[in-house]
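A short write-up of the structure that comes next.
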Amino acid sequence: MLSKPQLINSGIGVAVVGIAAGAFFVLNGVPQAAVDTTARTVAVSSADLAAVSTASGNVSPASTTVINAQNCTGPIASVSALTGQQVTAGQVLVTIDPTNAQNALAVAQAQLDSAAAQANQQQASASNQVASASQKPWRTPSRPPTWTQASRLVPWPQLRRR
């Protein structure tokens with residue numbers, strides 16, 4: 001007869017073997033009978049094949065040319081030359097829509113008019129200040145300023161009583 005520790009160890013050993021066998025069958029599946037496969041054969045012959053392929057993406061030119069239009073921007077209105085055509089110096093090749101340039105000119109003109117109006121307003125204000133300063137009654141030599149008038153016009157340390 002087996003002792004108590006031997007009996008416990010035997011039970012643990014049987015449990016470990018059972019768990020390992022169950023894990024093996026779960027992971028690998030239960031073996032099944034072989035499926036009968038048949039091969040199909042066809043005779044070789046020649047035939048024409050139509051090659052069709054589809055693709056997606058972007059189309060880009062093989063080369064590009066930059067045209068300097070002296071800082072003019074806008075959409076191209078017309079092109080006067082064809083590909084491969086001989087051109088001469090000074091020939092008009094491209095006409096650019098002038099809308100952007102006209103809008104920029106209108107904005108610049110409005111800013112200029114606003115600045116001119118501000119300058120005129122400041123000049124008129126300065127002229128009014130000069131005119132009002134020259135018409136002060138206490139500036140006349142026949143009538144010197146009183147102490148109250150002088151204290152409003154000159155800072156305190158500069159005042160001296162007469």
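Rule-based calculations on the coordinates, nothing more; no lab input. Keep in mind it's a predicted model, so treat the numbers as computed, not measured. With ideal geometry, Cβ positions are generated from the backbone for all residues, glycine too; neighbour counts draw on all protein chains shown.
Applied to region 41-48, the Karplus parametrisation 6.51 cos²θ - 1.76 cosθ + 1.60 on θ = phi - 60° returns per-residue 3J(HN,Hα) values of 10, 9, 6, 7, 8, 9, 7, 7 Hz, with x for Gly and Pro. The alpha-carbon positions of region 39-104 define a convex hull whose volume is 225 Å³ per residue. Across region 5-11, coupling constants 3J(HN,Hα) worked out from phi with the 6.51/-1.76/1.60 Karplus curve, θ = phi - 60°, read x, 5, 5, 5, 5, 5, x Hz, and Gly and Pro carry x.
Between SER80 and GLN123, what is the FRET efficiency for a Förster distance of 41 Å, r being their Cβ-Cβ separation, to the nearest 0.05? Kindly include the intermediate steps, with their values, before the conclusion.
Working: r = 51 Å, r/R0 = 1.23.
The pair SER80/GLN123 has a calculated efficiency of 0.20.
Residues whose amide H falls under 5 Å from that of ILE96, counting only those 5 or more places apart or on a different chain, are ALA77, with hydrogens built in the peptide plane.
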